[in-house]
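Colleague: Before anything else, here's the structure in question.
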Amino acid sequence: MAYSFATTLDRESYLNRFAQPLPSTEAWLFGLALAAVAAGFFELMMRERAGIRQTRLLPSEASQPASLR
C-alpha cells in the first residue's frame, strides 16, 4: 500500500517518457501483492498440516438463536 502511495506522489521517477510504469515499478507493485497471496496460501497449507481448525468468519445458522432465524 505504501509503495502505491509513493508512486502517486512522485510519478516521474516511476514512469517512462510514455507514461508507462518502469519494469521495476511493475515488479514491486505486482510482486508484493503476489507475495502476500502466496504467504496466505502457505499459511493455509501449514494450518491444514498442523491440524488447526479454520475459524468461521460468519456464524452458521445452527448456532444462532431461534428468534434471529
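Every number here is computed from the coordinates shown, using simple stated rules; none is lab data. Keep in mind the model is a prediction, meaning the values are calculated, not measured. For neighbour counting, all protein chains shown are included, and Cβ atoms are generated from backbone atoms with ideal geometry for every residue, glycine included.
Colleague: Work out how much length residue 33 to residue 56 would gain on full extension: take 0.36 nm times their residue separation and subtract the Cα-Cα distance, in nm to one decimal. Could you put the intermediate results ahead of the total?
Modeller: On the way: separation 23, 0.36 × 23 = 8.28 nm, distance 2.43 nm.
Between residue 33 and residue 56, full extension yields an extra 5.8 nm.
Colleague: I want to check the label-to-label distance for residue 15 and residue 3. Put each point 7 Å from Cα in the C-beta direction and report it in nm to one decimal.
Modeller: With each label placed 7 Å out from Cα toward Cβ, I get 1.9 nm.
Colleague: Which loop trypsin sites (Lys or Arg not before Pro) in segment 1-51, with loop taken from DSSP, have no more than 16 other Cβ atoms within 10 angstrom of their Cβ? The partial results should precede the final answer.
Modeller: Working: sites: 11, 17, 47, 49; in loops: 17.
Counting only loop positions with at most 16 other Cβ atoms within 10 Å, the trypsin sites (Lys or Arg not before Pro) in segment 1-51 are 17.
Colleague: Mind giving me the FRET efficiency for residue 24 and residue 46? R0 is 35 Å, r the Cβ-Cβ distance, nearest 0.05 is fine. All intermediate terms of the calculation are to be shown ahead of the outcome.
Modeller: Working: r = 31 Å, r/R0 = 0.90.
Using R0 = 35 Å, I get an efficiency of 0.65.
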